[in-house]
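Colleague: One structure coming up, written as structure tokens, with questions to follow.
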Amino acid sequence: MSAHVKLCLIAARASNNVIGSGGDLPWRLKSDLAFFKKATLGCPIIMGRKTWESLPVRPLKGRENIVMTRDWAYNAEGARVYSSFAAATNSARAVAARTDADKVFVIGGEAIYKLALPIADRLYLTEVDAAPDGDAHFPEIDAKQWKETGAEQFEAGEGNDFAFSIRQLDRISAFTSP
Ligand SMILES: NC(=O)c1ccc[n+]([C@@H]2O[C@H](COP(=O)([O-])OP(=O)(O)OC[C@H]3O[C@@H](n4cnc5c(N)ncnc54)[C@H](OP(=O)(O)O)[C@@H]3O)[C@@H](O)[C@H]2O)c1
């Protein structure tokens, strides 16, 4: 297991923190999907069973897919399946070390973001300029613990239902002076 592998959350959230509705995404953001693919390719990705089942194509190619479920008999063809977050992250880090990947991504949904946020090193947050109804939310983040280290704006149109910005946030190290 390599200590320098960053645990990253990648998520798109609305201004009301909604990330999903009825098991699906509440928007179509072509440029964000392209960013997601570019960012995660070559890296292990960890997701909940519901997000796995929501994927249009399973597994996502070019990435080790890791699925969390409490069902020991669950069969996710083309993916590794774990029943604890520690086992899922250990497996992901081991794969990353073996394949020289410098990141492991947690790709959702709400349940798995909640487990991962307390130990995440980096967040890739797509802030969607909309407030749709939904039943899945991104957990509250404590702004004091995070520093924005990158941001890019995208306009609505051309396959993007809404305008959005993609922000990169890095955890402020405990050793950083105030
Ligand atoms: N906007 C975004 O960036 C984004 C990204 C991903 C997903 N989403 C959306 O989020 C929604 C899904 O989120 P969700 O919270 O409902 O589902 P989820 O996090 O994808 O999956 C939940 C499932 O994960 C398993 N699980 C959760 N905690 C566990 C634990 N501690 N140990 C073992 N297994 C555990 C359980 O599976 P079992 O029931 O099989 O035991 C649980 O039902 C969908 O609407 C999806 O489209 C949005």
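Where a number appears in this text, it was derived from the coordinates with a stated rule and is not lab data. Treat the numbers as computed from the prediction; the structure is a model and nothing was measured. Note that each Cβ is placed from the backbone with ideal geometry, even for glycine, and that neighbours are counted across all protein chains shown.
Colleague: From the backbone phi of region 103-113, what are the Karplus-calculated ³J(HN,Hα) couplings (6.51 cos²θ - 1.76 cosθ + 1.60, θ = phi - 60°) in whole Hz, Gly and Pro given as x?
Modeller: Values, residue by residue: 9, 10, 10, 9, 10, x, x, 3, 4, 7, 4 Hz.
Colleague: With θ set to phi - 60°, apply the Karplus curve 6.51 cos²θ - 1.76 cosθ + 1.60 along region 25-35 and write out the HN-Hα couplings as whole Hz, x wherever there is a Gly or Pro.
Modeller: The phi angles translate into 7, x, 7, 10, 10, 4, 5, 6, 4, 5, 4 Hz.
Colleague: Restrict the search to region 43-95; then list the GluC sites (Glu not before Pro) that DSSP places in a loop and that have at most 16 other Cβ atoms within 10 Å of their Cβ.
Modeller: Hits after loop and neighbour filter: GLU77.
Colleague: Turning to a different aspect of this structure: Treating only the Cβ of Lys, Arg, Asp and Glu as charged (+1, +1, -1, -1), what charge dipole size does region 48-178 show about its Cα centre? Round to the nearest 20 debye.
Modeller: 780
Colleague: Which values, in whole Å and largest first, are the semi-axes of the equivalent ellipsoid of region 6-171 obtained as the square root of 5 times each eigenvalue of the Cα gyration tensor?
Modeller: 24, 18, 16
Colleague: Now for a separate question. Between ASP142 and ASP102, with labels modelled 7 Å along Cα→Cβ, what's the label distance in nm to one decimal, could you check?
Modeller: 2.8
Colleague: Report the FRET efficiency, 1/(1 + (r/R0)^6), for ASP129 and LEU55, where r is their Cβ-Cβ distance and R0 is 25 Å, rounded to 0.05.
Modeller: 0.50
Colleague: In straight Cα distance, which lysines are under 30 Å from LYS144, not counting same-chain residues fewer than 8 positions off?
Modeller: Excluding near neighbours in sequence, the set is LYS6, LYS37, LYS38, LYS103, LYS114.
Colleague: Mind listing which GluC sites (Glu not before Pro) in region 97-178 are in a DSSP loop and have 12 or fewer other Cβ atoms within 10 Å?
Modeller: GLU140, GLU155, GLU158
Colleague: Calculate the FRET efficiency for ASP71 and GLU155 from the Cβ-Cβ distance with a Förster distance of 41 Å, rounded to the nearest 0.05.
Modeller: Efficiency for this residue pair is about 0.45.
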